[in-house]
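Structure, as structure tokens:
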């Protein structure tokens, strides 16, 4: 299974943009890049995903490097409610079939200061 | 529309006992995955159920077993509990929609083994 590498923790100030990096040098051609986040005392929640092109949704933007070996989750204006652990995940898809197993690392703990 | 629900929220057991955790998927979802999350770690995939069958399994011993019912709800059973089984157990549901389908997580069941 392809692995991802993220910083253990990051800090941001409220109302400022946050760029959360993720390295995935062994990504395969069919791996989608997913981001989930886990707020305190809750289960993980989906944030965004992409394959090759940059993606935007109401929560965040995902910038994917041209060689796909790294990506960056962008929160345009961090709020206190964005304080969470952010997981960068490559969706595992075994040859010959589809599965949506998620392989989590330890993620990045984002602290947002008022 | 109710999301993923899990019961109970908390559970305390002693070593050697057996436990059953329950999960109801989000409306319209037919696939249920179970994850174990130890303190300070990311969730680890246990197994996934679709059409009442175990489709894929992570690196967990046979003490961990599951079941999916015709209404798509699911149970996770753990036999011969060990201290190391203390963790947050997360259930996630999804539709079998291909490589980019999103998983929706419940709030989890916190299991403490004494």
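The numbers here are math on the coordinates, done by the rules we state, and not lab data. No experiment lies behind these values; they were computed from the predicted model shown. Cβ atoms come from the backbone with ideal geometry, glycine included; neighbour counts cover every protein chain shown.
Observations on the model:
- When we screen B:60, B:45 for residues that are within 27 Å of residue A:84 (Cβ to Cβ) and crowded, with 21+ Cβ neighbours inside 10 Å, the only hit is B:45.
- Scanning the stretch B:25-34 for residues that are surrounded by 19 or more Cβ atoms within 10 Å (Cβ to Cβ) and without any contact (Cβ under 8 Å) to a residue 60 or more places away in the chain returns a single hit, B:34.
- Those residues of the stretch A:71-88 which are surrounded by 19 or more Cβ atoms within 10 Å (Cβ to Cβ) and more than 22 Å from residue A:42 (Cα to Cα), in sequence order: A:71
- Note on chain A: enclosed strands (runs of 3 or more DSSP E) holding 1 or more residues that are within 14 Å of another protein chain (Cβ to nearest Cβ) are A:9-13, A:18-23, A:33-38, A:45-50, A:61-64, A:84-90, A:108-113.
- Scanning the stretch B:68-84 for residues that are free of Cβ contacts under 8 Å to residues at least 60 places away in the same chain and either outside any strand (DSSP E or B) or under 14 Å from residue B:18 (Cβ atoms) (or both) yields a total of 9.
- Test: residue in the stretch B:9-19 that is in contact with a strand residue (DSSP E or B) (Cβ under 6 Å, 6 or more places away or on another chain), within 13 Å of chain A (Cβ to nearest Cβ) and more than 30 Å from residue A:51 (Cα to Cα): yes
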